[in-house]
Amino acid sequence: AVLSSNILVDDVTGSSKGYENPSVTVTDLDGKALKAGTDFELRNFVKADGGNAVTAEIAGIGNYEGTVPASYRIIEKDQQIGKLASEKIGDKVYTGEKITLTEEDLGNLLYSGKKGSSANLIPGTDFVVVSYSNNLKAGTAKVTLRGLGKYGGTRTLTFRITARTE
């Protein structure tokens with residue numbers, strides 16, 4: 001398979017030391033994790049933003065070919081959205097169209113600290129939706145979020161699409 005530009009690289013927690021040997025997670029937008037050393041390798045690292053931002057190149061190996069640019073940030077552990085608490089996304093009803101989440105759905109979805117605290121992450125400021133999958137028919141759909149601002153990383157959550165009742 002050819003690597004495409006729809007690759008996500010998780011931000012890395014920790015210090016900028018060892019930025020050329022990060023333990024990054026690389027997934028395609030369907031959420032399939034690629035394996036370092038088997039499917040890809042990272043190379044050509046450049047640090048920016050005071051050492052907290054890194055650009056690199058993902059080179060396909062094994063069953064993958066081609067190269068795509070990648071970037072990731074070095075963030076604090078408590079700013080990794082994959083580690084934050086989340087609310088369950090309520091069921092959605094089949095409409096015949098692709099189902100996407102509303103601002104209301106996203107507004108209380110992720111939070112740091114205690115549930116119901118004023119530490120809810122703000123869509124568009126603290127995170128953004130990067131993709132949906134399986135969101136057309138009844139069943140289990142996925143939404144992938146990416147941290148913004150001081151938050152980093154990616155998180156894939158599921159929600160149910162229920163059959164329309166007549």
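We did not get these values from a lab; they are worked out from the coordinates using the rules stated. Bear in mind that the values here come from a model prediction, so they are computed numbers and not experimental data. Cβ placement follows ideal geometry from the backbone for every residue including glycine, while neighbour counts extend to all protein chains displayed.
Residues LYS98, LYS77, arranged from fewest to most other Cβ atoms within 10 angstrom of their Cβ, appear as LYS77, LYS98. The length gained on full extension between VAL2 and ASN108, counted as 0.36 nm times the residue separation minus their Cα-Cα distance, comes to 34.4 nm. When ASP78, ASP39, ASP91 are sorted by how many other C-beta atoms sit within 10 angstrom of their C-beta, beginning with the fewest, the order is ASP91, ASP78, ASP39. The length gained on full extension between GLU41 and GLU65, counted as 0.36 nm times the residue separation minus their Cα-Cα distance, comes to 7.6 nm.
The mean sequence distance of close C-alpha pairs (under 8 Å, at least 6 residues apart), as a share of the length of the stretch 84-166, puts its relative contact order at 31 percent. Per-residue extension of 0.36 nm, minus the Cα-Cα distance of GLU97 and GLU166, leaves a gain of 23.2 nm for this segment. Each of ILE89 and LYS150 was given a label point 7 Å from its Cα along the Cα-to-Cβ line. The distance between the two points is 2.6 nm. Distant-in-sequence amide contacts of GLY152, defined by a placed amide H-H separation under 5 Å and a gap of 5 or more residues or a different chain, comprise GLN80, ILE81.
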